[in-house]
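Heads up, the thing below is written out as structure tokens.
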Amino acid sequence: MPRGDKSSYTDKQKRQAEHVEASERDKGRSKADAERIAWATVNKQDGGGKQSGSGRKGH
């Protein structure tokens, strides 16, 4: 999977990233910065792409 490929994320994670990006854009950030911050936030919360069952980290 190439860097930047978002196909391994769940629909919920993608929606979260869109929401964070919109919020950052409202604060005056550039599109690129807002997108970078959004995906960093999703990764920090969820640890990255799809994770389910026994492969999931315990929180």
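Name every residue in region 31-54 that is at pLDDT 90 or above and either farther than 20 Å from Arg3 by Cβ or of a type in the set (Phe, Trp, Tyr) (or both), in order of residue number.
Within region 31-54, the first condition is being at pLDDT 90 or above, and the residues that meet it are 31-44.
Matches in region 31-54: Trp39 only.
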Item to check | Looking only at region 8-36, and only at residues there that are touching a residue at least 12 places away in the same chain (Cβ under 8 Å) and not in a helix (DSSP H, G or I), the one that is farthest from Gly49 (Cα to Cα) | outcome: Thr10
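The values are calculated or read from the model by the stated rules, or taken from the named source; none is laboratory data. Predicted model only: the values in this text are computed from it and were never measured. With ideal geometry, Cβ positions are generated from the backbone for all residues, glycine too; neighbour counts draw on all protein chains shown.
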